[in-house]
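Sharing a structure below in structure tokens format, with a few things to ask.
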Amino acid sequence: MLTTKQAADLTGYNDTTINNWAADGKIQAVNYYGKNLISKESLAEYLVSPEGQRIARHSQKHQELMESYMNREQNSGMVFGSMSL
């Protein structure tokens with residue numbers, strides 16, 4: 001779990017945006033003594049989701065995280081559909 005400030009620092013979005021996402025149910029959060037604690041997993045899932053990709057103006061950190069993720073995926077050596085189930 002992350003504080004709203006930690007989530008904001010990590011993603012490059014401001015505290016208000018993070019709290020609005022929580023209030024709108026886009027990310028999971030629990031209120032603990034009047035402060036939101038944000039689920040790291042739900043935050044990451046939201047940012048890479050189609051809805052998260054449609055954010056009108058991505059933060060610089062969001063762009064960098066996505067580029068890093070895409071580079072890791074491309075360099076993993078895994079090819080989609082290469083494994084049988």
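For the range 49-66: of the residues being of a type in the set (D, E, K, R) and under 19 Å from ASN19 (Cβ atoms), which is surrounded by the most Cβ atoms within 10 Å (Cβ to Cβ)?
Filtering the range 49-66 for residues that are of a type in the set (D, E, K, R) and under 19 Å from ASN19 (Cβ atoms), the one surrounded by the most Cβ atoms within 10 Å (Cβ to Cβ) comes out as LYS61.
Tell me which residues, restricted to the range 31-47, are over 9 Å from LEU2 (Cβ atoms) and either within 8 Å of the chain's Cα centre (by Cα) or in a helix (DSSP H, G or I) (or both).
GLU41, SER42, ALA44, GLU45, TYR46, LEU47
In addition: Pairs, please: C-beta under 8 Å, at least 6 apart or cross-chain, first residue touching a residue at least 12 places away in the same chain (Cβ under 8 Å) and in the range 32-44, second loosely packed, with under 14 Cβ neighbours inside 10 Å?
Correct list of pairs: ASN36/VAL30; LEU37/VAL30; LEU37/ASN31.
Determine which member of the set TYR33, TYR46, TYR69 is at pLDDT 90 or above and open to solvent by 80 Å² or more (accessible area, probe 1.4 Å). Show your work before the answer.
Numbers: TYR46 fails: open to solvent by 80 Å² or more (accessible area, probe 1.4 Å); TYR69 fails: at pLDDT 90 or above.
After applying the criteria, what remains is TYR33.
Mind checking whether some residue in the range 5-12 is open to solvent by 90 Å² or more (accessible area, probe 1.4 Å), over 13 Å from the mean Cα position of the chain (by Cα) and farther than 16 Å from ILE55 by Cα?
The answer is yes, given that some residue of the range 5-12 is open to solvent by 90 Å² or more (accessible area, probe 1.4 Å), over 13 Å from the mean Cα position of the chain (by Cα) and farther than 16 Å from ILE55 by Cα.
The values are calculated or read from the model by the stated rules, or taken from the named source; none is laboratory data. Keep in mind it's a predicted model, so treat the numbers as computed, not measured. Virtual Cβ from ideal backbone geometry, glycine too; neighbours counted across all protein chains shown. For the accessible areas, the whole protein counts, side chains as well, though only heavy atoms, and no ligand, DNA or RNA atoms are used. Shrake-Rupley method; radii C 1.70, N 1.55, O 1.52, S 1.80 Å.
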